[in-house]
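Single-structure report; data block below.
The values are calculated or read from the model by the stated rules, or taken from the named source; none is laboratory data. All values derive from a computational prediction rather than experimental measurement. Cβ placement follows ideal geometry from the backbone for every residue including glycine, while neighbour counts extend to all protein chains displayed. The accessibility values were calculated without ligands, DNA or RNA, using every heavy atom of the protein model including side chains. Shrake-Rupley method; radii C 1.70, N 1.55, O 1.52, S 1.80 Å.
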Amino acid sequence: MSEQFRLGLIINPLAGLGGSVGLKGSDNLAEQALALGAVPMAAQRARVCLEQLVTLRDKLHIVTVAGDMGETLCRELGFTFELCYTPAQNPTQASDTEQAAKLMAAQGVDLLLFAGGDGTARNICSIVADSTTVLGIPAGCKIHSGVYAISPLAAGKLLAKLVAGELVSQQEAAVMDIDETAFRQGVVKARRYGEMRIPAELRYVQSVKMAGKESEELVLDDLAAYVVSQLEDDVRYVMGSGSTVAAVMAELGLDNTLLGVDVVENGQLLAKDVTASQLLALVQDYPSKLIITLIGGQGHVFGRGNQQLSPAVIRAIGRDNILLLATKTKLQQLNGRPLLADTGEPQLDRELQGLLSVLTGYNDYVMYRLGYEDDN
């Protein structure tokens with residue numbers, strides 16, 4: 001038998017907890033998020049990735065962490081694995097991620113796979129820097145870093161190429177994170193914390209999020225004015241996060257949660273900064289539409305900073321009731337790459353694929369594709 005691919009696996013069980021309950025982050029807020037009804041999803045997202053490797057079990061040996069940080073999932077999927085570290089406490093801490101990464105790097109894994117958010121990427125970067133090839137499974141509330149695959153499914157497909165022995169080049173990617181305290185006040189302060197080495201299959205790996213104030217103010221004003229002119233009576237409009245949607249709220253003269261989700265009906269603010277469960281209760285069995293934009297540079301429509309838009313919420317609203325807003329400049333920044341959905345439910349991601357009508361100005365639409373054609 002040829003030498004097995006040695007894969008390091010670290011799952012941050014607390015990653016992303018704050019997203020669905022509107023906390024806009026999970027750092028030091030795990031207990032609060034759980035009390036608000038948040039459901040841990042990092043292991044499920046890691047499962048979606050590793051399921052792409054099940055047929056390659058005989059070529060793969062996993063080095064992982066005890067319990068929910070990797071061992072449990074490896075057992076459930078039947079992978080051959082060894083434990084390199086056992087956390088001393090539950091819930092686990094950032095120091096557990098760092099210690100596990102240190103031990104895996106010392107053992108010389110071929111690639112260190114981790115599930116988490118930008119905080120997890122920072123923890124690992126502080127230990128391995130660019131000495132070990134890594135790949136992130138997006139599971140956090142905020143994913144500004146370029147070390148993550150565009151989705152758990154994409155991470156699995158890229159890993160399958162590596163394990164099968166296909167040639168995949170490498171590149172350096174930035175590790176970014178923001179000040180969560182400022183983030184909750186509507187201010188994005190992103191900082192570069194270093195670089196890590198990743199597999200460079202560009203269709204599977206996301207770009208660094210592009211920050212900065214929208215410069216096309218006149219275009220945004222026209223776009224917002226047109227959206228407001230088209231709003232229907234007795235329909236609940238779910239207003240997604242971001243500066244483009246904020247322009248619509250400004251046109252309405254309503255207070256806006258820049259980094260949260262609000263609900264508007266008949267020109268009035270019905271609910272502000274809602275959680276996923278609150279939002280589902282508001283749109284279920286009631287005429288509703290979603291107004292949303294994309295993340296500049298990355299192209300994500302769902303799954304980055306708007307986890308309140310859960311699969312249940314998206315299904316309740318329906319694909320045909322989604323109004324996507326983006327200036328042409330924002331679309332051009334994608335350089336032809338498709339829009340992306342990473343809802344946490346691969347089947348829904350596939351259902352959302354296809355050409356979308358994107359409003360780019362006053363009664364000005366373009367057709368743009370969401371999802372890669374071969375991601376079925």
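Remarks
- Taken along the Cα-to-beta-carbon direction at a fixed 7 Å, the label points for Ala250 and Leu231 span 1.6 nm.
- Protection proxy ranking, highest mean first, for peptides 307-313, 273-279: 307-313, 273-279, where packing is the per-residue count of other beta-carbon atoms within 10 Å, averaged.
- Spin-label model, Ala66/Glu3: points 7 Å from Cα along the beta carbon direction are separated by 3.0 nm.
- Leu218 paired with Met367, simple spin-label distance in nm, labels 7 Å along Cα-to-beta-carbon: 3.0
- For Leu269, neighbours were defined as the other residues whose beta-carbon sits under 14 Å from its Cβ, and their charges (Lys and Arg +1, Asp and Glu -1) total -3.
- Under-5 Å amide H pairs with Leu356, H placed in peptide plane, nonlocal only: Tyr368, Arg369, Leu370
- J(HN,Hα) series, the range 116-128, from Karplus relation 6.51 cos²θ - 1.76 cosθ + 1.60, nearest Hz, glycine and proline x: x, x, 5, x, 5, 4, 4, 4, 6, 4, 5, 9, 9
- If a spin label sat at a point 7 angstrom from the Cα of Thr55 along the line to its beta carbon, the backbone N atoms of the range 334-371 nearer than 20 Å would be those of 346-347, 350.
- Of the residues Phe302, Phe81, the one with the largest accessible area comes first in the ranking Phe81, Phe302, computed with a 1.4 Å probe on protein heavy atoms.
- Using θ = phi - 60° and Karplus 6.51 cos²θ - 1.76 cosθ + 1.60, couplings along the range 348-353 (whole Hz; Gly, Pro as x): 5, 4, 5, 5, 7, 5
- Zone residues, the range 88-115, relative to Glu82, backbone N less than 15 Å from point 7 Å out along Cα-to-Cβ: 103-111
- Magnitude of the charge dipole, the range 54-182, Cβ model with Lys/Arg +1 and Asp/Glu -1, debye to 20: 340
- Multiplying the residue separation of Glu166 and Leu355 by 0.36 nm and removing their Cα-Cα distance gives an extension gain of 64.9 nm.
- Derived scalar couplings ³J(HN,Hα) [the range 63-69; Karplus, 6.51 cos²θ - 1.76 cosθ + 1.60; whole Hz; x for Gly, Pro]: 9, 9, 10, 4, x, 6, 7
- Per residue, the convex hull spanned by the alpha carbons of the range 234-376 comes to 100 Å³.
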